[in-house]
Every structure is written in C-alpha cells, then in structure tokens.
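The values are calculated or read from the model by the stated rules, or taken from the named source; none is laboratory data. It should be emphasised that the depicted structure is a prediction, and the values quoted were computed from it without experimental measurement. Virtual Cβ from ideal backbone geometry, glycine too; neighbours counted across all protein chains shown. The area values use the complete protein model at the heavy-atom level, side chains included, leaving out ligands, DNA and RNA. Shrake-Rupley method; radii C 1.70, N 1.55, O 1.52, S 1.80 Å.
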Amino acid sequence: MAADETTTPEPAQVPLAPLPDHRNVHTPWWQELWHRHAHVITPLRARGLQCDIEFGLSTYNVRVSLPDDSYLVISPPHDPPSERPPGDPEGWIATREHPDDQTLFEVIYDSAPSNDPGAPQRPEARHGGSAQPLIEAIDHRLAQLGLLPPPVLPHENSHVPPAQPSPLPPRVLPPASPKATPPARRTP
C-alpha cells in the first residue's frame, strides 16, 4: 500500500456532561469564570462529570458532582490570598466531600506551595498550577473508588446524541477558524 493511501482515524468527539442548570450560566461574570477554568472543567466533563463554578471561602472553586452524591471541590490555595487571576493559581487543592457525611473528607491532590518551612514537601507541589497532574490524580482516585463514570462513545449507544460543541455563550468562545476544525470525512 502506498504511503499516500494510508489514512489515520480522526479523533472521536466525546460528549461532554451538560452545563449546570441555574440562572448564573447566562451571566457574563459566570461565563468568564467558566472560561478561565475550562482547562480543568473540560477534561472532567469529558468523563461525564457535571461541573460548576462557585465562590468558596476566598476563591472561585470548581465543584464536581460524583455518582455517589459526594462531590469534589477543586480550588486554589485559600491562604495567603493570591493576586493571580481565577483559573491560574500557584497550585490546586482537590478534596472529596459529602453533604450528609461530614466524616468523608479526603484530600485527593494538593500542589499548593507551602509557606511553612517545617512542613514536609508534598510530591504534587512540584506541579504547581498545572492542570494535567491534577486531572490524572483525580482520575486515579475516582477509578480506585469506582466513581469514574465509564465513557460512553456515540457509536456504542444509539441513545446518545452526536457530540455537540459545548453550549458556551458566543462572547466566551474565540472566533471560529477554518483551520481549527478539519472538514468532515465521508465514508463510503
């Protein structure tokens, strides 16, 4: 077979979990926060996990609903207050909590820099505000707990509609570029 006859499969689009259902979804400030946290939210939504943005103690947090009614709170460090913009922290802290069981509190990931010289160095601290190690740690822990929903691909379930772009408001999305989306390939 000649090299120019080989084809590479196009990556399949994975359906994303739906946007939250509340009135703030259509406000400019919420849309901006959603956009600033997209690098954390989108991989989790691709795993079927519903996410939202909420205001925590002193920061904006990503709240992730889990299948067992527990949830994750993904936030930047609370102390000391940071001058960095939302979505670009010095580090991430991910905890698992349950609204009805206060004994269920678990730190899944903590890459926040430590200001205490006597504190032991956490291995995650070297990753700082990078989202990829955070997502990997969440994946690992949720898989251990059996809480990571199995991916449902459009071709595996006829009840799943074709993947649609995230219904983010137009003012948040960058203008479409003809180079950004490859043309659809027709199969015989």
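Points to keep in mind about this one:
- Of Gly118, Gly128, all but one fail to be on the phi > 0 side of the Ramachandran plot and out of contact with any His (no Cβ under 6 Å at 6 or more places or on another chain); the exception is Gly128.
- Filtered by the rule that a residue be assigned to a helix (DSSP H, G or I) and either in contact with a Ser or Thr (Cβ under 8 Å, 6 or more places away or on another chain) or open to solvent by less than 10 Å² (accessible area, probe 1.4 Å) (or both), region 38-53 gives Val40, Ile41, Thr42, Leu44, Arg45.
- In region 7-37, the qualifying residues are those that are acidic (Asp, Glu) and modelled with pLDDT of 90 or more, and the one that is least open to solvent (accessible area, probe 1.4 Å) is Glu32.
- Region 115-130 residues that are closer than 14 Å to Ile93 by Cβ, paired with ones that are basic (Lys, Arg) and open to solvent by 90 Å² or more (accessible area, probe 1.4 Å) (beta carbon under 9 Å, 6 or more apart): Gly129/Arg84
- Applying the criterion of being over 23 Å from Gly146 (Cα atoms) and among the hydroxyl-bearing types (Ser, Thr, Tyr) to the residues of region 43-69, the residue that is modelled with the highest pLDDT is Tyr60.
- Test for Pro67: is it in contact with a Pro (Cβ under 7 Å, 6 or more places away or on another chain) and over 25 Å from Gln31 (Cα atoms): yes
- Contacts under 6 angstrom Cβ, first residue in region 34-60 being without any contact (Cβ under 8 Å) to a residue 40 or more places away in the chain, partner outside any helix (DSSP H, G or I) and among the hydroxyl-bearing types (Ser, Thr, Tyr), 6 or more apart: Gln50/Ser65; Ile53/Tyr60; Gly56/Ser75; Thr59/Ser75
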